[in-house]
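First up is the structure itself, then whatever we jot down about it.
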Amino acid sequence: MPTSHPIAYWTGTTIPEAYKVGNLMIGTATTFDYGFYNITNANGIRFWMSPDEDLGYVIGQSLTASTQTTPVIPATAQIGFYRTNAFTSSAFASLANLVTRVNDTPQNFTLGSQASAWLTANGYWNTYSGVATFTQVVFSSTTGAQSYTVPAGVTTISGLTVGGGGGGAGSDGTQNEGHGGGGGGALSYGTFTVSGGTILSLNVGAAGAAGAAGGNDGGNGGASTIIISGTTHLSAGGGSGGLERSTAGGAGGVSGGVSRTAGGNGGTGGAATGNDTGGGGGGAGGYSANGGNGGGIGAGVSSTGGGGGGGGATNAGQGYGGGGVGIDLNNLFTGGANGTGGALNAIGTGGSGGANGTRPTGGRFGGGGGACDDDTNGAGGAGGQGIIVIQFYQEA
C-alpha cells in the first residue's frame with residue numbers, strides 16, 4: 001500500500017489525533033486509504049488521503065471552495081496537493097516556487113529546506129525531509145592562486161586562513177652585526193553567504209624563503225585569502241622576512257577580511273642585537289590571540305593563543321624558528337593549546353597542536369624562520385607555509 005497522510009480542511013474543531021498547519025488538519029501517517037473508504041471523523045471533519053508519498057515530496061494546501069477532485073466521485077474537497085517527481089532538494093524547491101506563483105505569492109527558493117520552512121510558516125503542509133551532508137576541503141598541498149566553485153545546495157561557508165611565515169635573514173659571517181628573524185603568519189576565520197556556482201578565489205600563502213648565506217634578507221610569507229567577486233572575506237597576512245644586518249625582526253602578518261569573526265596577528269621576528277645573535281622566528285597567529293614574538297639575545301615569547309616565538313641563537317649558527325598554529329580538522333574553529341616561546345638557543349613550539357619550529361625553519365602552519373647569527377656564513381630559515389580550510393553543509 002502507498003504511504004499517505006489523512007488530511008482535512010479545518011472546520012474550527014481541533015481533534016486529538018491530528019495537528020493543524022494553516023487551515024489543514026493532518027492525521028498520523030498511515031498506509032490505510034481513508035479517502036477511498038470515505039471515512040468521516042466523528043467531529044464532522046472529512047479526511048482525504050494525500051498522494052503516494054513514496055513517489056515524491058508532497059505539498060498540501062487549503063482552498064476556500066470545494067473544487068478539488070477526490071477518489072470518491074463526484075465528491076470534491078477544499079484541499080489540494082502537489083508532488084515532486086524526484087526526492088531532491090532542487091525538485092522540491094522548484095515545485096514550491098510553482099505553488100507560490102499559482103497562489104500569487106511568488107518566491108524564488110534554491111534549497112528544499114528554505115522552501116519547506118516558508119511553506120510551513122505560510123499554512124502549507126509538506127513532506128520535505130532532505131538531509132544536508134557535511135563537507136570539508138583543505139588547501140595546503142599547493143600554495144598560490146587557485147579557485148573553488150561552490151556546489152549546488154550550499155548557502156553558507158565557514159573558512160579558516162593562515163598566512164605563510166616570513167623567512168629569517170642569512171649572514172656572511174663577517175659583519176659582526178645581528179640579523180632579524182621572520183615574522184609569523186596571521187590567522188583569520190569566519191562564515192559568509194554563498195550560493196551554488198559561486199567562485200571562491202583563493203590564495204594559499206607560500207612560506208617566506210630563507211635568506212641565503214652571504215648576507216641576504218629573508219623572503220616575505222604569502223597572504224592566505226578568500227575572495228568573492230572582488231570582496232575579501234578572509235585574509236591572513238604573511239609574515240615579513242627578517243633583514244640582514246638589522247636589529248629589527250620581520251613584522252607579523254595581519255588578520256582581516258569583511259567576514260572575519262576572530263583570529264590573531266603573527267608574532268614579530270626576533271630583533272637581533274649588535275654582535276651577538278640571529279633572531280628567532282615569530283610564532284603564527286592563533287584563534288584568539290597573536291603569535292609570540294621571536295627572541296633576539298634571549299628567549300622567544302609564549303603566546304596566549306597561537307604559535308610561540310623561536311629563541312635567538314648565540315654565536316653558534318642559526319636562530320630558531322617560531323612555532324606554527326595548529327589546525328585541528330576535527331575541531332577547526334575551537335582553537336587549542338597555546339604555543340610556548342623557545343629559550344635562548346631553543347625552538348618555539350606550535351600552538352593548538354601545530355608543528356614546532358626547528359633550527360632554523362618555522363613550524364607549520366605560519367611560523368617565522370630564524371635568522372643566522374653574525375659569526376656564521378650561513379642561511380636563515382624558511383617560514384612555515386600557510387593553509388586554507390573551508391567547511392559547509394550541502395543539500396542533495
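Could you sort the peptides 115-122, 199-206, 100-107, 257-264 by per-residue average Cβ neighbour count (10 Å cutoff), highest mean leading? Write out the running numbers ahead of the final one.
On the way: 115-122: 17.8, 199-206: 22.0, 100-107: 12.2, 257-264: 20.4.
My ranking of the peptides, most packed first, is 199-206, 257-264, 115-122, 100-107.
Return the FRET efficiency for the residue pair THR149, GLN107: r is the Cβ-Cβ distance, R0 is 30 Å, and the value is rounded to the nearest 0.05.
Working: r = 25 Å, r/R0 = 0.85.
So the FRET efficiency works out to roughly 0.75.
For a protection proxy built on the mean count of beta-carbon atoms within 10 angstrom, sort 161-173, 369-381, 211-223 highest first, please.
Details: 161-173: 37.5, 369-381: 31.9, 211-223: 26.5.
Highest-to-lowest ranking by the protection proxy: 161-173, 369-381, 211-223.
At ASN122 and ALA396, where each label point lies 7 Å from the Cα along Cα→Cβ, what is the point-to-point distance in nanometres?
According to this spin-label approximation, the distance is 2.7 nm.
Among 385-395, 85-95, 181-191, how do they line up by average Cβ neighbours within 10 Å per residue, starting with the highest? Provide the component values of the computation, followed by the final result.
Numbers: 385-395: 23.0, 85-95: 20.0, 181-191: 39.7.
So the order, starting with the most tightly packed, is 181-191, 385-395, 85-95.
Between THR28 and SER141, how many nm apart are label points set 7 Å from Cα along the C-beta direction?
5.3
No lab work stands behind these numbers, since they all come straight from the coordinates. Everything quoted here is computed from the prediction, not taken from an experiment. Please note: Cβ atoms are built from the backbone with ideal geometry, for glycine as well, and neighbour counts cover all protein chains shown.
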